[in-house]
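One structure is given here, and the rest of the page talks about it.
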Amino acid sequence: MQDIQFVPAAKLKDKPKDETKLGFGQIFTDYMFEWDYDEGQGWHDPRVVPFHNFEMSPAALVLHYGQTIFEGMKCYRRADGGLQLFRPQANFARFNRSADRLCIPKFDEETALAGLMKLIEVDGEWTPSAPDTSLYIRPTIIALDPFVGVRAAKQYKFYIILSPSGAYYPTGLAPVGIYVEDEYVRAVRGGMGFAQTAGNYAASIKAGEIAKKKGFQQVLWLDGVERKYVDEVGSMTMMFVLDGKLVTPELNGTILAGITRDSILTLARDMGMEVEERRVSIDEIFEGAKNGKLNEAFGTGTAAVVSPVGELCRGEERITINHGEIGPVTQKMYDTLTGIQFGRLADPHDWIIKVK
Ligand code: COI
């Protein structure tokens with residue numbers, strides 16, 4: 001593991017006064033973590049430094065070909081004022097899997113975690129305490145070579161920035177209407193769907209915008225080959241309660257191996273629920289709405305935690321789920337997961353790392 005250097009800031013910023021109006025990912029803290037990679041030298045000089053803008057060549061590879069990856073996690077404030085992280089090792093392990101897909105050199109996960117802990121040590125006071133707020137953590141790696149040819153870079157920057165944030169969707173836990181997208185696709189098998197990389201999200205924006213114009217909050221993606229099977233919802237994992245079982249698409253290479261996804265499946269099994277990770281056809285969902293088997297539907301991810309789906313629209317056909325209200329399983333998953341994350345409930349799986 002490498003030692004983390006620290007450069008103090010000359011002046012600290014004012015912290016947000018009204019924690020009920022933070023929004024998501026708009027405000028940034030006093031410090032950031034930085035770590036550089038150069039071919040022949042490897043990852044070097046991990047450090048916590050004042051938050052600053054980057055200077056880079058307009059030819060930097062990341063700006064042209066998107067050789068970049070990111071992660072998302074949160075620091076939570078407990079009722080006793082202490083701070084804690086939720087499964088950060090799982091995020092850094094996934095970050096390295098994304099790195100492998102994008103031909104970005106792997107990094108030492110222990111050093112990354114030590115860098116994050118040091119950053120939280122100096123900036124943790126930015127973690128808000130209003131209900132359902134947290135300090136959003138965004139690790140990123142970018143390719144820096146000034147070279148306009150398609151190849152893996154030889155120079156990278158790993159950085160982590162922090163943002164005190166409220167709900168990802170302003171609607172919070174209110175059920176949303178979702179448009180089943182059958183023209184555009186987000187990812188295909190063999191592509192990059194399982195990686196947290198910019199291109200997947202860039203590919204998703206157009207369909208999201210069209211859905212919004214039609215009055216829906218997000219899209220439900222279908223598989224890229226047959227357009228028959230459920231993929232993700234917006235940038236989240238899709239989950240259904242079907243006939244009392246928790247059902248979600250299997251990890252087939254197009255879907256992100258969500259840490260929230262894994263946590264919810266684990267909690268469901270703890271609660272004695274039957275869990276199925278399998279292909280789920282969109283026909284099964286629409287039929288389930290008619291024959292009463294579709295009890296609930298929700299999206300799940302780090303940023304939004306749980307987002308109930310009240311309505312699905314496919315072409316001219318619309319179905320309402322659980323009368324457009326949040327269902328009991330969805331509510332229980334939200335309460336249990338956030339209960340563990342904020343330290344209100346016991347942590348039977350050792351998911352929490354206390355920072356203070
Ligand atoms: C999530 O946390 O659900 C994400 O996919 C990150 C999002 C802000 C793009």
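Taken together, the values in this text are just the output of simple stated rules run on the coordinates, not laboratory data. Predicted model only: the values in this text are computed from it and were never measured. Cβ placement follows ideal geometry from the backbone for every residue including glycine, while neighbour counts extend to all protein chains displayed.
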Size of the chain as Cα extents on the principal axes (Å, biggest first): 62, 52, 35
Order of 242, 220 under a 10 Å beta carbon neighbour criterion, fewest first: 242, 220
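Note down the Stokes-Einstein diffusion coefficient of the range 197-356 in µm²/s, whole number, using a Kirkwood radius over alpha carbon pairs, 4 °C, and 1.567 mPa s.
On the way: Rh = 16.5 Å.
It comes out at roughly 79 µm²/s.
Per-residue counts of other Cβ atoms within 10 Å, averaged by peptide: what ranking do you get for 38-48, 308-318, 62-72, 2-12, highest first?
Working: 38-48: 14.5, 308-318: 16.6, 62-72: 19.5, 2-12: 12.2.
Those peptides, ordered most packed to least, come out 62-72, 308-318, 38-48, 2-12.
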Positive-end residue of 229, 240, 309, charge dipole of the range 199-332 with Cβ unit charges: 309
Gained length - residue 148 relative to residue 56, 0.36 nm times residue gap less alpha-carbon distance: 31.8 nm
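When Lys and Arg each count +1 and Asp and Glu each count -1, what net charge do the other residues less than 14 Å away from residue 272, Cβ to Cβ, add up to? Please list the in-between numbers first.
Working: positive: 245, 269, 332; negative: 270, 274.
Net local charge, residue 272 excluded: +1.
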Shape metrics for the range 5-165, restricted to C-alpha atoms - Rg then Dmax, Å: 16.3, 53
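Taking the Cα centre of the range 176-341 as origin and charging only Cβ (+1 Lys, Arg; -1 Asp, Glu), how large is the dipole, in debye to the nearest 20?
On the way: 18 positive and 24 negative charges, 63 e Å.
Magnitude of the dipole: close to 300 debye.
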Built amide H within the under 5 Å cut-off of residue 232, gap 5+: 221
Between helix 198-213 and the chain: long-axis angle, C-alpha atoms, 0 to 90°, nearest 10: 40
Over the chain, relative contact order from alpha-carbon pairs under 8 Å, at least 6 apart, %: 19
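Compute the signed sum of charges (Lys and Arg +1, Asp and Glu -1) over the other residues within less than 14 Å, Cβ to Cβ, of residue 72. Walk me through the intermediate numbers first.
Working: positive: 74, 87, 94, 138, 261; negative: 71.
Result for the local shell: +4.
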Amide N proximity, the range 259-289 versus residue 346 label position 7 Å along Cα-to-Cβ, cut-off under 14 Å: 270-271
Whole-Hz couplings from phi, Karplus 6.51/-1.76/1.60, listed for the range 283-300; x for Gly and Pro: 5, 4, 5, 5, 5, x, 5, 7, 8, x, 7, 7, 8, 8, 8, 7, x, 8
Label-to-label distance, nm, for residues given as residue 293 and residue 171 (7 Å Cα→Cβ offset): 2.6
Global geometry of the range 149-208, whether rounded, prolate or oblate, following the gyration tensor of its Cα atoms and the 1.5 cut on a/c: oblate
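Using the scaling law 2.2 N^0.38 Å as the reference, what is the normalised Cα Rg of the range 131-230? Don't jump to the answer; show the numbers that get you there.
Working: Rg = 17.2 Å, N = 100, 2.2 N^0.38 = 12.7 Å.
In units of the globular-protein estimate, the range 131-230 measures up at 1.36.
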Amide H contacts under 5 Å for residue 306, placed H, 5+ residues apart: 301
GNM result for the chain, Cα springs below 10 Å: residue of 145, 36, 270 fluctuating most strongly: 270
Reachable lysines, given that their alpha-carbon falls under 21 Å from the alpha-carbon of residue 157 and they are not under 8 places away in the same chain: 106, 118
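Below 8 Å between Cα atoms, with a sequence gap of 6+, how large is the relative contact order for the range 176-341 in percent? List each step's numbers first, then the result.
Numbers: 317 pairs, mean separation 39.0, N = 166.
With pairs under 8 Å counted, the relative contact order is 24 percent.
First select every other residue whose beta carbon is under 9 angstrom from the beta carbon of residue 133; then total the charges, Lys and Arg +1, Asp and Glu -1.
On the way: positive: 77; negative: 19, 132.
Local charge sum for residue 133: -1.
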Nonlocal amide H pairs with residue 74, under 5 Å, H built at 1.01 Å: 86, 137
